[in-house]
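Q: Okay, handing you the structure first.
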Amino acid sequence: MAVFILFLAVVLVLCICSALLRWNEVRYRKKGLPPGTMGWPVFGETTEFLKQGPNFMKNQRARYGSFFKSHILGCPTIVSMDPELNRYILMNEAKGLVPGYPQSMLDILGKCNIAAVHGSTHKYMRGALLALISPTIIRDQLLPKIDDFMRSHLNNWDNHIINIQEKTKEMALLSSLKQIAGIESCSISQPFMAEFFKLVLGTLSLPIDLPGTNYRRGFQARKKIVSMLTQLIDERRASKETHEDMLSCLMRSDENRYKLTDEEIIDQIITILYSGYETVSTTSMMAVKYLHDHPRALQELRKEHLAIRERKRPEVPIDCNDLKSMRFTRAVIFETSRLATIVNGVLRKTTQDMELNGFVIPKGWRIYVYTREINYDPSLYPEPLTFNPWRWMDKSLECQNNLLIFGGGTRQCPGKELGIAEISTFLHYFVTRYRWEEIGGDKLMKFPRVEAPNGLHIRVSSY
């Protein structure tokens, strides 16, 4: 009897699951939509997307082509894997294709962050951001801070086993904090860092506001970060002291053509920290990994940096001319970004019903411009799975239309050159001071983030 009841319960559960899946498919079976599957109500295919990553995308493309529908990260989504169509989508924000980042990211990064706004507001906020990281500002103000920080951060690593993932995460965040808040960053760095890591995890989660969820922890972390930054702004105004950092530039409303409210200033700071953190830390970690695995590339890189050190006294910092001479270093950074695929794609949202690729996309749907596969296209990159920085010594490769590792269109990463300067300076002091070998046994995940779940441990010795 008990077995029969159990059998009936299993059959009932299967029938309910089948009915739910069927109902969700019928719900989104609108005329003109591309083919695809929608998965479960509410959750859609998010679990499969996050767990299987590139394989999920390849399987769906094999079944439905390079333009298909799905339901991921809490909303109905069109996935585009067509390079030419992706370029069109990224270049046509004015035609109703605005940023469409997940609700969790918008909630946690703030409504004034540059990824959330579009049109004239985006142009204004982007202008305010670019004013902070112009070539002149990088040369005169930011690069000396970066150099000073990297010298200190990479001190006393010899004869230690270190987790390079942890060290590059700290490096990316604390270096940015120093550029933003100068000397005062030291007093808030540790509590800020603890909350910031929670914030990052919350941005790529389902927006379920329940105790224990990454979303709830990320949103609470945002509140604490906003409180710290508000206090810092209030103290600055009360002290009347002058500072040479990003926060000071944002607060100088009398001299600054971009006049921002305190809320906009705080969201701008969070945006700068968030956008640079993931790319700078992960690219730095993976560069260390690839250089370890490719001794010839490491030898070439070290040769370039030792030549710079030979024409400088030990205490003299890196300057812009040195950065310009780091041609192979730049090639290593581009090749690392391509091969590791630090950024898998970008999200857009339709503001009206619109036709794309012969299909009608309803208003409010997301479009996931999936750029990962472009990085492994053999027609663009011969032997695409091989780490080959020399391919980037041909500068024309940086200008080709399908290069989307730093975004595209009006949304191309505004901090690209600043990030390259940070990673280059990190590599300069790392390879001229140390040798290293991997401990082994550490697993690397490539999706949805490039990360080593248990860390990436290396044994460091003096060079």
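The values are calculated or read from the model by the stated rules, or taken from the named source; none is laboratory data. All values derive from a computational prediction rather than experimental measurement. Positions of Cβ are backbone-derived with ideal geometry, glycine not excepted, and every protein chain shown enters the neighbour counts. Just the protein is used for accessible areas: all its heavy atoms, side chains included, with ligands, DNA and RNA removed. Shrake-Rupley method; radii C 1.70, N 1.55, O 1.52, S 1.80 Å.
Q: Scan (1) open to solvent by less than 50 Å² (accessible area, probe 1.4 Å); (2) out of contact with any helix residue (DSSP H, G or I) (no Cβ under 9 Å at 6 or more places or on another chain); (3) within 14 Å of residue 275 (Cβ to Cβ) for the single condition residue 130 breaks and write down its number.
A: (1)
Q: A further question follows. Is it fair to say residue 249 is touching a residue at least 24 places away in the same chain (Cβ under 8 Å), closer than 23 Å to residue 139 by Cβ and touching a Lys or Arg at 6+ places or on another chain (Cβ under 7 Å)?
A: no
Q: Inspect segment 436-457 for any residue being assigned to a helix (DSSP H, G or I), farther than 30 Å from residue 80 by Cβ and of a type in the set (Val, Ile, Thr) and give the result as yes or no. Before you say what the answer is, go through the steps one by one.
A: Keep residues of segment 436-457 that are assigned to a helix (DSSP H, G or I), which gives none.
No, segment 436-457 contains no residue that is assigned to a helix (DSSP H, G or I), farther than 30 Å from residue 80 by Cβ and of a type in the set (Val, Ile, Thr).
Yes or no, residue by residue, for (1) crowded, with 17+ Cβ neighbours inside 10 Å; (2) under 19 Å from the mean Cα position of the chain (by Cα); (3) modelled with pLDDT under 90:
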| site | (1), (2), (3) |
| --- | --- |
| 159 | no, no, no |
| 165 | yes, yes, no |
| 171 | yes, yes, no |
| 181 | yes, no, yes |
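Q: Mind checking whether some residue in segment 208-217 is modelled with pLDDT of 90 or more, under 15 Å from residue 278 (Cβ atoms), hydroxyl-bearing (Ser, Thr, Tyr) and touching a Ser or Thr at 6+ places or on another chain (Cβ under 7 Å)?
A: Checked segment 208-217: no residue is modelled with pLDDT of 90 or more, under 15 Å from residue 278 (Cβ atoms), hydroxyl-bearing (Ser, Thr, Tyr) and touching a Ser or Thr at 6+ places or on another chain (Cβ under 7 Å).
Q: Let me ask you something else. Do we find that residue 426 is over 14 Å from the mean Cα position of the chain (by Cα), farther than 16 Å from residue 336 by Cα and part of a helix (DSSP H, G or I) in this structure? Break it down into steps so the answer makes sense when it comes.
A: Values: over 14 Å from the mean Cα position of the chain (by Cα): yes; farther than 16 Å from residue 336 by Cα: no; part of a helix (DSSP H, G or I): yes.
No.
Q: Pick from 329, 261, 341, 279: which is among the β-branched types (Val, Ile, Thr), out of contact with any Leu (no Cβ under 8 Å at 6 or more places or on another chain) and modelled with pLDDT of 90 or more?
A: Working: 329 fails: out of contact with any Leu (no Cβ under 8 Å at 6 or more places or on another chain); 261 fails: modelled with pLDDT of 90 or more; 341 fails: modelled with pLDDT of 90 or more.
Exactly one residue qualifies, and that residue is 279.
Q: So, one more: For segment 209-258: of the residues being hydroxyl-bearing (Ser, Thr, Tyr) and within 21 Å of residue 127 (Cβ to Cβ), which is surrounded by the most Cβ atoms within 10 Å (Cβ to Cβ)? So that I can check it myself, show each step before the final result.
A: Going through segment 209-258, the residues hydroxyl-bearing (Ser, Thr, Tyr) turn out to be 213, 215, 227, 230, 239, 242, 248, 253, 258.
Right, trim to within 21 Å of residue 127 (Cβ to Cβ) and you get 248, 253, 258.
Values: 248: 16, 253: 12, 258: 18.
The extreme case among them is 258.
Matching residues to (1) in contact with a Ser or Thr (Cβ under 9 Å, 6 or more places away or on another chain); (2) among the aromatic types (Phe, Trp, Tyr); (3) closer than 17 Å to residue 297 by Cα; (4) in contact (Cβ under 8 Å) with a residue 60 or more places away in the chain:
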{"site": "359", "(1), (2), (3), (4)": "no, yes, no, yes"}
{"site": "385", "(1), (2), (3), (4)": "no, no, yes, no"}
{"site": "413", "(1), (2), (3), (4)": "yes, no, no, yes"}
{"site": "428", "(1), (2), (3), (4)": "yes, no, yes, yes"}
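Q: Moving to a separate point now. When the residues of segment 41-61 are narrowed to those that are assigned to a loop (DSSP other than H, G, I, E, B) and open to solvent by 10 Å² or more (accessible area, probe 1.4 Å), which ends up farthest from residue 201 (Cα to Cα)?
A: Checked segment 41-61; the qualifying residue farthest from residue 201 (Cα to Cα) is 41.
Q: Here's a follow-up. Scanning for something crowded, with 19+ Cβ neighbours inside 10 Å, within 28 Å of residue 102 (Cβ to Cβ), touching a helix residue (DSSP H, G or I) at 6+ places or on another chain (Cβ under 8 Å) and of a type in the set (Asp, Glu), does segment 418-432 turn up at least one residue?
A: Our first condition is that a residue be crowded, with 19+ Cβ neighbours inside 10 Å; within segment 418-432, this holds for 418-431.
Then keep just the ones that are within 28 Å of residue 102 (Cβ to Cβ); that gives 418-420, 422-423.
Pick out the ones that are also touching a helix residue (DSSP H, G or I) at 6+ places or on another chain (Cβ under 8 Å) and you get 418-420, 422-423.
Remaining after also requiring of a type in the set (Asp, Glu): 422.
Yes, that holds for at least one residue.
Q: Do you know which residues across segment 385-417 are out of contact with any helix residue (DSSP H, G or I) (no Cβ under 6 Å at 6 or more places or on another chain), in a helix (DSSP H, G or I) and not hydroxyl-bearing (Ser, Thr, Tyr)?
A: 390, 391, 395, 397, 398, 399, 411, 416, 417
Q: Select the strands (runs of 3 or more DSSP E) contained entirely in segment 62-139, then report the ones holding at least 2 residues which are in contact (Cβ under 8 Å) with a residue 60 or more places away in the chain, in contact with a His (Cβ under 8 Å, 6 or more places away or on another chain) and of a type in the set (A, V, I, L, M, F, W, C). I'd like the intermediate steps shown before the answer.
A: Values: elements: 67-72, 75-80, 97-99.
Result: empty, no element qualifies.
Q: In segment 183-208, which residues are assigned to a helix (DSSP H, G or I) and either acidic (Asp, Glu) or open to solvent by less than 40 Å² (accessible area, probe 1.4 Å) (or both)? So that I can check it myself, show each step before the final result.
A: Pass one, segment 183-208, residues assigned to a helix (DSSP H, G or I): 183-203.
Within segment 183-208, 184, 185, 188, 189, 192, 193, 195, 196, 199, 200, 202, 203 meet the criteria.
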